1. Using a 10 Å cut-off on Cβ atoms, rank the peptides 350-358, 328-336, 387-395 from the highest mean neighbour count down.
2. Volume per residue, Å³, of the convex hull around the alpha-carbon atoms of segment 1-146?
3. Kindly express, to the nearest 10 degrees and within the range 0 to 90, the angle between helix 7-16's C-alpha long axis and the longest C-alpha principal axis of the chain.
4. Mind pulling the angle between the C-alpha long axis of helix 280-289 and the longest principal axis of the chain? Nearest 10 degrees, somewhere in 0 to 90.
5. Report, in deg cm²/dmol and to the nearest 500, the calculated mean residue ellipticity at 222 nm for the chain, where each DSSP H run with n ≥ 4 adds -39500 (n - 2.57) and the sum is divided by the residue count.
6. Counting only residues 5 or more places away or on other chains, whose amide H sits under 5 Å from the amide H of TRP295 once H atoms are built in the peptide plane?
7. Which of the lysines could be linked to LYS164 by a straight reach, that is with a Cα gap under 21 Å, when you skip same-chain ones fewer than 8 residues away?
8. Quick one: helix 215-232 against the long Cα principal axis of the chain, what's the angle to the nearest 10°, folded into 0 to 90?
Amino acid sequence: MTDVVTMDKIVSLCRRRGFVFPSSEIYGGLGSSYDYGHYGVLLKENVKARWLEAMVRDREDIVALDSSIILHPRVWEASGHVSSFSDPLVDCRTCKLRFRADHLAESQCGKRPSKRPGETPECDLTPARQFNLMFETRVGAVEETGTDVYLRPETAQGIFINFKNVAQLARRKPPFGIAQIGKSFRNEITPGNFIFRTLEFEMMEMEYFVPPGEAEQWYRYWIDERRGWYLRFGLRESHLRVRPHEADELSHYSSGTSDIEYLYPIGWSELEGIANRGDFDLSAHSEASGTKLEWVDGVTNERYVPHVIEPAAGVNRSMLAFLCDAYDEEEVAGRERTVLRLHPQIAPVKAAVLPLIGKDSGMVERARSLFEELRRVALVEYDDSGQIGRRYRRQDEIGTPFAFTIDEQTIEDDTVTIRDRDSLAQERISIGRAKEHLLERLSANWRSPKPE
Ligand code: GAP
């Protein structure tokens, strides 16, 4: 069975339900930039929370960090970003558009009916030139004396330059890791495919420092671990794959990289990269700064520069993968239903509380009181406006896994129904057990009912 999801349907649902809007829309929009509405923020926060739990709460060998977005400019010289973080670009002198030289086959020319840059005789492409992807800005009140700095294109370097602080204070010895979530910025010129590729985005990166002889073993470990994380939160196995990089694809710092790819509606594309960065970063910053970034064993006095294994994931790309994997359409009682089958721990809203008749004061009173009780333990929504069918559909479209309905019987015997988003099954339970029941259902194992 083919998946019904398309990128257009995701964009449309995200806009309709207030997950994601084009940025600066009232000024005509800004390419590859998006703003996140209420449900988008909640979904993104859940992705980050699950990552942080897996990295920091559930383990003893990884600590958290939040470093600055603007770092000393020499950081980016030492890291190799000033010299090597670039894309080969060509300009078309006719249509004035700019293209990635290595993506010409998938690019769209500005002239019609041509499809590909260089396809018509009018196309006039310049030779490829390297363009650095880092955004530059200036620090300092006075233009002349200010310093040129960069907005960080990755969070990783903030971790490397704090290695000494953390190693001393966190009382961890290799293998140990430092995890960071934060915004990064890249001057991307290729069309972004919605939130897949944007100028600013959030990264979830963890640098795992290991004894040099153990690097290969930890590289394999983190590939498995990260793949398992996506499966645990509901992505279908058939839509995930691990693709090792060819030697000519490797970044300047990497001796081995594998991408975890997801089968987006645009095809298999990178969701996360796991790299074996060797001792490149700590050695480069030691040399450039004059501060030794190495591990010294307090007991044996053994010293070495740890090697680094880095799982680097994009929050926005993960959110897009969860949305695409969850999107479904089906016919129920002769009517089309759109539903996001999100893992309950990823879903923005965990439960809705709905009085069957919004004008019935008895039902409203019971529903409000249940809502007040549930909101203390989970993100829940109260809704009493419009027909109950419409209210269910709205919750289905934002992926709310459970809905409590308060009806005539609630008034008689203190029971409510709980509706399951995926199966549409309705179970009647005592209102006194609703909170406990919800918490049990939210922590239970969940698998996507969509076919692989
Ligand atoms: N420190 C390693 C590093 O930066 P990367 O593969 O360039 O590696 C890691 O980026 C992840 O960040 C990617 O797998 C992707 O999920 C996300 N990412 C990178 N560029 C992005 C962009 N322009 N928009 C959205 N996400 C992006």
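1. Result, highest mean Cβ count within 10 Å first: 350-358, 387-395, 328-336.
2. 266 Å³
3. Between the helix axis and the principal axis of the chain, the angle is about 60 degrees.
4. Computed tilt is about 60 degrees.
5. Value at 222 nm, helices only: -8500 deg cm²/dmol.
6. Excluding prolines and chain starts, which carry no amide H, the hits are TYR304, VAL305.
7. LYS173, LYS292
8. Its long axis makes an angle of about 20 degrees.
Read-outs throughout are calculated quantities, based only on the coordinates presented, and are distinct from any laboratory measurement. Fair warning: this is a prediction, and the values are worked out from it, not measured in the lab. Glycine also receives a Cβ, built like all others from the backbone with ideal geometry; neighbour counts cover every protein chain displayed.
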